[in-house]
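Input: a single structure, listed below in structure tokens.
Nothing in this text is a laboratory measurement; each read-out follows from the coordinates by a stated rule. What you are looking at is a predicted structure, and each value in this text was computed from that prediction instead of being measured. Methodologically, a virtual Cβ is constructed for each residue, glycine included, from the backbone with ideal geometry; neighbour enumeration extends over all protein chains shown.
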Amino acid sequence: MEFVWFRNDLRIHDHEPLYKALEGDQPVIGGYLFSSRAHEWSEAGFRRQSAKRSRFEVESLLALHQQLSQLGVPLLLREGSAMEEWRTWLNEHSITRIHAYTHPGSEERDDEQALKEIAEEFGIQVIFYEGDTLLHPDDLPFEMEKLPGGFTSFRKKIEDKDILPRKPLPPPYEQTPFMLEEQEKSGKELMSRFRELEASIYVSGGEQEALRRLYDYYYGSKHVLTYKERRNGMLAMDDSSKFSPWLANGSLSPRTAYWNLKQFEEEHRANESTYWLWFELLWRDYFHFLLRQKGDKLFLQSGVQGMEVEWEKDITVFDKWRDGETGYPLIDAAMKQLSATGYMSNRARQNVASFLTKNLGIDWRWGAAWFESQLIDYDPASNYGNWQYVAGVGTDMRKFRAFHVIKQGERYDEKGEFVRYFLPALKHVPNEYIYAPFRMPEDVRKQANVQLGIDYPFPIVNLQESLDKRQEVYKQATFKK
């Protein structure tokens, strides 16, 4: 039998391992391994994978289970360490060849190595494919070790050479259904897991939902034509594409997203907004390639640049940030949105990361770990790459940069709708003070029915003083080779 190992590729469209397996004359089965790492605890005291992320994972697997059933391919499920569970699978089934996408993450590479060792022991061939990025690594105009040190240089090299994504694969073949009892068993297990997860998330998981969203964003609402103008919005569903959750677990192929975009441009028109969506897909690629090049450095405190900066590990201060109790409404609304929905806009992510690292001085890895736990669009490369970038220890290093979280709120949510939605205690605060309620005169506070320190916290730090203090720390940074 041919075996397809599903990982962060929970779809049947544009899926090379599945396509290649079904091309042959052997029966094909699929498998998914629930990682035991999801139950591990972070240094800051929370689980690595929240119920929200687990719900999205299981919902996506339910959709994959249904799609594979239509192809006659059973989906097997296991939970635990890769080494142990692969041994069980190979002992229970007459598997002759295994197909899977490779992944650049360090833990994912460990799982791949475990599979290679077990497969060699059993005399089984393993074929890994490239498929987590928009551009195929073999098509890049440079060797991976010569990946440009900044995104702008990377983008220019790609565009100057007119490098385009490969076309998506056609739909996979069907086969005669078999192992029906196993397929029914895995379906019941997924439904049981799903019922146990009562977390609320802002989108539904699965390939069909991903393709539905893609079609609606391009052809239904045509909001893609205003993507550049609206992408900094923080509240509305259509402020951005919202493709990221499905891209993260592979329910949506990045090549499918791109080539449908090109088709839309041909049928309607191209503008700065449609280009900007390509721009953002390239950003995702850049971080994935950076993870391939730098490996574990993407997860080190000193970052890919080896920048040694003194960081605080004050759990009380961190918890104020995590729980949205800093006294700065943009930060607090964004953190409460994340906890409630598993989502946060890119604009808000940059601000909360800047505030944690440049105002509070907390170890950026704690913030990245909290995002890993909560975001349903969690992607190791994008998450840790972006956190390093904002913390100042990643790519595109420049002078000390920080976001002014009051001015950012006033600029991108001038009416305060985002804040009032997630911080109802501030719903009567005038727009003039909505992002700095501590500046309200006494009579305005009474009229807004807000008592600072009771209804809403005082600021945890002074913005400018904390920035100045942190900048002095950065000036003392050293670099290791």
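Observations on the model:
- Taking 21 Å as the straight-line reach from the Cα of residue 446, the lysines in range (excluding those fewer than 8 positions away in the same chain) are 415, 427.
- ³J(HN,Hα), Karplus 6.51/-1.76/1.60, whole Hz, each residue of the stretch 4-14, x for Gly, Pro: 10, 8, 8, 10, 9, 8, 7, 8, 10, 7, 6
- For residue 129, the residues whose amide H sits under 5 Å from its own are 100, 101, 102, ignoring neighbours fewer than 5 places away on the same chain, with H placed 1.01 Å from N.
- Filter on 20/167; 294/480; 320/475; 228/262; 222/242 - keep pairs with C-alpha separation over 19 Å: 320/475
- Longest to shortest principal axis, alpha-carbon extents of the chain, angstrom: 78, 48, 48
- 12 Å beta-carbon shell around residue 338, net charge (K/R +1, D/E -1): +1
- Vicinal HN-Hα couplings computed from phi for the stretch 133-149 (Karplus, 6.51 cos²θ - 1.76 cosθ + 1.60; Hz; Gly/Pro x): 10, 5, 9, 6, x, 5, 9, 5, x, 7, 6, 4, 5, 10, 4, x, x
- Amide H to amide H, with H built 1.01 Å from N, residue 252 comes under 5 Å of 247, counting only residues 5 or more places away or on other chains.
- Cα-centred dipole magnitude for the chain, charges only on beta-carbon of K, R (+1) and D, E (-1), debye, nearest 20: 1620 debye
- As computed over the stretch 1-129, the Cα convex hull volume per residue (Å³): 107 Å³
- Distant-in-sequence amide H partners of residue 202 (H built 1.01 Å from N, under 5 Å): none
- Separation of the stretch 56-84 from the stretch 346-380 is 30 Å, based on Cα centroids.
- The stretch 122-128 - phi-based ³J(HN,Hα) in whole Hz, Karplus 6.51/-1.76/1.60, Gly and Pro as x: 8, x, 10, 7, 10, 10, 9
- Packing order of peptides 384-395, 259-270, highest average first: 384-395, 259-270 (average count of other Cβ atoms within 10 Å over each peptide's residues).
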